[in-house]
Each structure stands twice: as C-alpha cells, then as structure tokens.
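Read the structure below first, then the notes.
Taken together, the values in this text are just the output of simple stated rules run on the coordinates, not laboratory data. Note that the structure is predicted; figures quoted are calculated from it, not measured. Glycine also receives a Cβ, built like all others from the backbone with ideal geometry; neighbour counts cover every protein chain displayed.
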Amino acid sequence: MKDSPAAQFHVSGRPPEIPPGATGVVVVDAGQVAMNWLALKRLVAPADCAAVVKADAYGLGVAAIVPALVRAGCTTFFVATPDEAAEVRLLARDSEIFVLDGAVPGSEALLDDIRAVPVLASLAEVKAWAKGAEEKRRPRPAALNLDTGLNRLGLSEAEVLELQRDKRTLAALDLRLVMSHLASADDPDDPKNAAQRARFEKLKAMLPYARASLAASDGLMLGKPFHYDLVRPGYALYGGQAFRGGPAPVAPAVRVAARILQVREVPAGGTVGYSGTWTATRPARIAIVAAGYADGFARTASAPQGHPGGEVRVGGTLAPIVGRVSMDLITVDVTDVPAGADRGAAVELIGPGLTIEQAGQRAGTIGYEVLTRLGRRFKRVYVGG
Ligand SMILES: *Cc1c(COP(=O)(O)O)cnc(C)c1O
C-alpha cells in the first residue's frame, strides 16, 4: 500500500504540478474514489452500497469517476436530473440508475428510454408515472421517497395511506426501492435520527415489499440499523468527512493548486485589493495567486467576516488570504512564510494539509460546496483511474 500511486498522492507534501498552459490544476484520483467506495461497501456489508454521482460526481467529473466505480463493482448509481442519468447510462450500461428529482413533467419518455428509475416524491407524481405504465400495459420501474421529517421531497403519511389503498396505482409500479433521507445524520447524538428511522419503519410497512434505503454518507456511519438494503453515499466517496462522530474509512481524492504570479512588497499602511479592505500593519510580502471566484474559490473566503477567512499552503506553510477574493486572483500574506513563496511556484488550495472541510469552514460554507464549485478553468488531471 505504502508505495501505491494513491498512497503517494496523499503523503506527498508538494503541491501537484501545474501544466504549462494553465495557472491552476485540479487533480482527481478516480482510483481513490473507487477505494473509498470499496471501504464503505465493506463497512455496510451485507447491505449494498450505491454511489451518488449527481452534479457531475460532485464536480469531479462523471466521465472518470463512473467507469472507475463500475470497475470496482458498483452497480447502482444515484443522480439528480434526467440529463445526468442519460450521461451515466452511457458510462454504466448495465447499472441501475435512480433519479432523485423524480419524473420531472416531460421527462417520462427519456427516463423510459435510458432505463432510469425515477424516485417519486408525491402522490400526484406517483399517479402520473403509473398512468403512463397503464398505457404501456407493463409495470414501470419506480422508487418511492417517503418523507420522515426532512420536509423536503417525499410522500407524507397521508399520501402513503392513500397509496396503500390504491391497488390499481400500486399494480402499475415495479417498485425497486423505498427510501427516505435523514436531516441530521452528521450528528450521532441528535434524537431526530432515531425518530426518522422509526417513521421510515412505519411508512414502509404500509407499502408492498421493496428494497429499502435510508442512509447517505453520514447516515451509514450511524451503524447497522440505518443501513437497510442499500446505502447511498456521495460526499464520503470523494473523501469528504462530514460525520461528527468519528472519521469515515475514506481518504481525500482531490487536490487543487494554483500558481503564484507575483510577489510584491507592501509598505505598512498600504491596502490590498478591491475596496482596500485589508491594511498592512507592517511591511508585508503579498503573493498574488492565480485563483479566484471564477475558479470556484469562494468570495466569502475573503479576510475575516464572521468566519475565519481562507488560507492556502505555500511551501508547506499555511498563509492567510488578505483583502478581497476577486474573479481571477487572491492575495496571500506570505510575510511569515520561510520558503516557497516564489513567482511561478504552486500553492496548495486543497490537499493533504488543507482539507475541503477546512477550506469550507474558513469560507463560511461546507466542504460539499467547495467540491461542487471547483471551476472549469483550472486544468483537470485524472490519476489512479
Ligand atoms: C445527495 C444525496 C445523497 C448523498 O448524500 P451525501 O451526504 O453526499 O452522501 C443521498 N441521498 C439523497 C436523497 C441525496 O439528495
């Protein structure tokens, strides 16, 4: 293990190389995503493990991620939209693909065509989907989302009761999955977890038998009673650690680096960036780094405003962003950085010493948003697939 490319990917202290034409790079380790999936699958066995690859595999790129997961043995995928399902179908021909946004009006023919299974979330939606099945004279594959307290998508208890009595609608469905989604799974001490599980038990017992799924990345960390037949992790596959009860058995799969374009001396009293929001209180060295909000670097990572403000790693040392994040540039105070703050050098925005959780927290957001917003301008390099 120690010498595998994936291991080197994590222990290497140096930021990744940036290709000549680019000022920044996103290095995605598709092999590590597959290893994370295998680790979660082992953790939940004998339950099955799906992969949530919505939003272009959380911004990392389905074209590399899905084939790596298929090779590892993954046969069940979740996406949000019909178009995402169509994309995954081309990459995973024999898999089961669930569409979390359901049978969006007008998308029914596409869903049939690509053999995608909509996750139906209201009685009206269930009836509309079943009606199409009657016209085809053949049960239509469907999953049901039951609301157990999140109050987002999902059938209410009253709707489940009505569906229970509607034998004709039920007969028109080839029920592949009943599922629900937890509101507070990141906090193992939140009583809402057990309450939602109890509601899930009650509601699914009112319906014909189907495979059941309740847990995403954090929910599967709550233990066996939450696993049911299938777990649906997304964030943890990409190395995310959102669970507050202890680390998930996964490792980071993405590194992001950008170049220093210039290092300048700013005298005490000089301000940096738009609107002069930061003033040097001593003679300062400021590195101008080629990453901005157009690259997905949150503007809320500008210097302190209710949350800590962003940092980057320069020559292995964490250094604070000062002044405003602009479209193409950030300004970093490297006065106290002993080495590595040189024109052309790469600084690490995400990596072993600066996780997506840390980056999110310092920008007043979460790692999920950091991942899914990684921009298109940085060069993408895929390793380990
Ligand atoms: C996005 C999503 C998931 C995956 O959640 P993670 O926290 O990324 O594991 C699972 N289920 C549903 C319904 C989702 O919307």
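For region 166-179, putting each phi into the Karplus relation 6.51 cos²θ - 1.76 cosθ + 1.60 with θ = phi - 60° gives couplings of 8, 4, 5, 5, 4, 5, 7, 9, 9, 6, 8, 6, 10, 9 Hz, in residue order, rounded to whole numbers and with x for Gly and Pro. Cross-linked pairs K54/K127; K41/K202; K167/K204: Cα-Cα separations exceed 19 Å for K54/K127; K41/K202. Full extension of the segment from R376 to D229, taken as 0.36 nm per residue of separation minus the current Cα-Cα distance, would add 49.3 nm. When the Gaussian network model of the chain links Cα atoms closer than 10 Å, the mean-square fluctuations of V312, V337, V44 top out at V337. Ranked by the mean number of other Cβ atoms within 10 Å of their residues, highest first, the peptides 295-302, 250-257, 36-43, 149-156 come out as 250-257, 295-302, 36-43, 149-156.
Here region 290-361 is assigned +1 on the Cβ of each Lys and Arg and -1 on the Cβ of each Asp and Glu. Its dipole about the Cα centre then comes out at about 120 debye.
Gain on full extension, evaluated as 0.36 nm per residue between R211 and A63 minus their Cα-Cα distance, stands at 50.4 nm.
Simple point charges give the picture: +1 on the Cβ of Lys and Arg, -1 on the Cβ of Asp and Glu, and for the chain a dipole about the Cα centre of about 320 debye. The residue list P352, V332, A303 was ranked by how far each Cα lies along the charge dipole of region 299-366 toward its positive end, using unit charges on Cβ atoms, and A303 comes out on top.
The equivalent ellipsoid that matches the C-alpha gyration tensor of region 290-385 spans semi-axes of 19, 17, 13 angstrom, in descending order. Sequence-distant contacts, meaning Cα pairs under 8 Å at least 6 residues apart, place the relative contact order of the chain at 19 percent.
Applying 1/(1 + (r/R0)^6) with R0 = 30 Å to the Cβ-Cβ distance of L170 and L110, what FRET efficiency is obtained, to the nearest 0.05?
Numbers: r = 24 Å, r/R0 = 0.81.
Result of the calculation: an efficiency of 0.80.
Ordering of 216-227, 196-207, 70-81 by packing is 216-227, 70-81, 196-207, highest average first (other Cβ atoms within 10 Å, averaged per residue). Amide H contacts under 5 Å for D48: L230, V231, restricted to partners 5 or more places along the chain or on a different chain, H placed in the peptide plane at 1.01 Å from N. Calculate log10 I(q)/I(0) of region 4-113 for q = 0.20 Å⁻¹, where I(q) comes from the Debye formula with a single equal point scatterer on each Cα and nothing for solvent. Results for region 4-113 at q = 0.20 Å⁻¹ read -1.06. Rounded to the nearest 0.05, the FRET efficiency derived from the C-beta distance between R42 and A80 at R0 = 35 Å is 0.80. Compare the Cα positions of V381, V119, V99 along the charge dipole of the chain (+1 at Cβ of Lys, Arg; -1 at Cβ of Asp, Glu; about the Cα centre) and return the one farthest towards the positive end. After comparing all options, I get V381.
Here r is the Cβ-Cβ distance between L90 and Y274 and R0 is 35 Å; the resulting FRET efficiency, rounded to 0.05, is 0.20. Here the alpha carbons of the chain define both size measures, Rg and Dmax, at 23.5, 78 Å. Among E357, E159, the order by Cβ neighbours within 10 angstrom, fewest to most, reads E357, E159.
Rounded to the nearest 20 debye, what is the charge dipole size of region 99-181 about its Cα centre when +1 sits on each Lys and Arg Cβ and -1 on each Asp and Glu Cβ?
On the way: 12 positive and 13 negative charges, 66 e Å.
Here the size comes out at about 320 debye.
The order of the peptides 360-370, 128-138 by mean Cβ neighbours within 10 Å, most packed first, is 360-370, 128-138.
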